[in-house]
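The values are calculated or read from the model by the stated rules, or taken from the named source; none is laboratory data. Since this is a predicted model, take the numbers as computed values, not measurements. Quick reminder, even Gly has a Cβ in these numbers, built from the backbone with ideal geometry, and neighbours come from all protein chains shown.
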Amino acid sequence: MSLVFRSIGVSRLRIVTDGEGVTTLAAGYGCPLRCRYCLNPQCFEAPEPAKEYTVQQLIETVAVDDLYFLATGGGVMFGGGEPLLQADFIHAFRKEAPSGWKIGLESSLAVDPKELAKVIPDIDLFLVDIKDMDPGIYRAYTGCSNEKTLAGLRLLLEKTDPEKIRVRIPLIEGFNTEEDRRRSQEQLRQMGFSKFDLFRYDITRGRRKAGNPAEK
């Protein structure tokens, strides 16, 4: 049986939000978290029938922007939901997609690290949303433990270049403070991360406000 990607949607011509260059976001169904201010609650349950792509169908769909990808250093960003729930598909996509396309992953890492390990060699940019490093804050906000996220962070440091990883640290009204976020960032620095995206959730609109990318 062919691998398929169960897709919420494919969003073209994205600039800045998903790394360098022009990118296409391929968003997939499924998420292990239940964040209190979830930006994509439609990801939890896929409708029947859901839109599905084989590897070749998704390549053909996004290839309309091939020239943009190659000219700007862009490519395809897998997001969701939690794209690592479809790690086998992402690995297969990287094997078949043109080598000039950059492949990104936007993830909470809240899955079995074995799923992350399947795609680490395939990914050019990891955007990791850790919510907060404090276990209590994380559980209060997501309903889950952050143990898998921490294991995923350690695995990334072991298996890939930290320069490929940008860690997103939100300020979430009612759940953490600027001091909590500062502590999270310092803990991550001590682990070996150096690239961060600091931003505030705009809970009134169900979206995040423009952030403050911190490279140092």
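Table: residues versus (1) at pLDDT 90 or above; (2) buried (at least 19 other Cβ atoms within 10 Å of the Cβ); (3) under 19 Å from Thr142 (Cα atoms); (4) of a type in the set (Ser, Thr, Tyr).
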position	(1), (2), (3), (4)
Ile165	yes, yes, no, no
Arg181	yes, yes, yes, no
Ser194	yes, no, no, yes
Asp197	yes, no, no, no
Asp202	no, no, yes, no
Gly206	no, no, yes, no
Gly211	no, no, no, no
Glu215	no, no, no, no
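Pairing residues of the stretch 62-86 that are in contact (Cβ under 8 Å) with a residue 60 or more places away in the chain with residues that are β-branched (Val, Ile, Thr), at Cβ distances under 6 Å and at least 6 apart in sequence or on separate chains, gives Met77/Thr23.
Of all the residues in the stretch 135-166, those that are under 13 Å from Leu188 (Cα atoms) and of a type in the set (S, T, N, Q) number 1. For the stretch 1-43, the candidate set comprises residues that are small (Gly, Ala, Ser) and in a strand (DSSP E or B); within that set, the residue that is modelled with the lowest pLDDT is Gly19.
Just one residue in the set Tyr37, Tyr29 is under 30 Å from Asn176 (Cβ atoms), in contact (Cβ under 8 Å) with a residue 12 or more places away in the chain and surrounded by 19 or more Cβ atoms within 10 Å (Cβ to Cβ); that residue is Tyr29.
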